[in-house]
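Down below is the structure, laid out as structure tokens.
The values are calculated or read from the model by the stated rules, or taken from the named source; none is laboratory data. All values derive from a computational prediction rather than experimental measurement. Don't worry about glycine lacking a Cβ; one is built from the backbone with ideal geometry, like all the others, and counts go over all protein chains shown.
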């Protein structure tokens, strides 16, 4: 399963680790994804959502 938010499409971003000697090595920043049981079109479904979307209320949790 890809590390992508199913609501906003947020994906890992890439960049460099920079050492004191300025040696560059590739690294990734992963989005903070949470697995949530959500109510979508009246059905309960498990989705991977970033915490920014959860806080913004873009998804209705199934309760």
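Residues in segment 13-35 that are closer than 18 Å to residue 62 by Cβ and either touching a residue at least 40 places away in the same chain (Cβ under 8 Å) or in contact with a helix residue (DSSP H, G or I) (Cβ under 7 Å, 6 or more places away or on another chain) (or both): how many?
We begin by selecting, within segment 13-35, every residue closer than 18 Å to residue 62 by Cβ; these are 33-35.
The next check asks that each one be either touching a residue at least 40 places away in the same chain (Cβ under 8 Å) or in contact with a helix residue (DSSP H, G or I) (Cβ under 7 Å, 6 or more places away or on another chain) (or both); those that pass are 34.
Matching residues across segment 13-35 total 1.
Could you please tell me which pairs satisfy a Cβ distance under 8 Å, a separation of 6+ or placement on different chains, a first residue in segment 47-63 that is surrounded by 16 or more Cβ atoms within 10 Å (Cβ to Cβ), and a second residue that is at pLDDT 95 or above and part of a helix (DSSP H, G or I)?
Short answer, once both residue conditions are applied: 59/53.
Does residue 9 meet the test of being on the phi > 0 side of the Ramachandran plot, loosely packed, with under 12 Cβ neighbours inside 10 Å and more than 17 Å from the chain's Cα centre (by Cα)? Walk me through how you get there before you give the answer.
Numbers: on the phi > 0 side of the Ramachandran plot: yes; loosely packed, with under 12 Cβ neighbours inside 10 Å: yes; more than 17 Å from the chain's Cα centre (by Cα): no.
Judged against the criteria, residue 9 is not a match.
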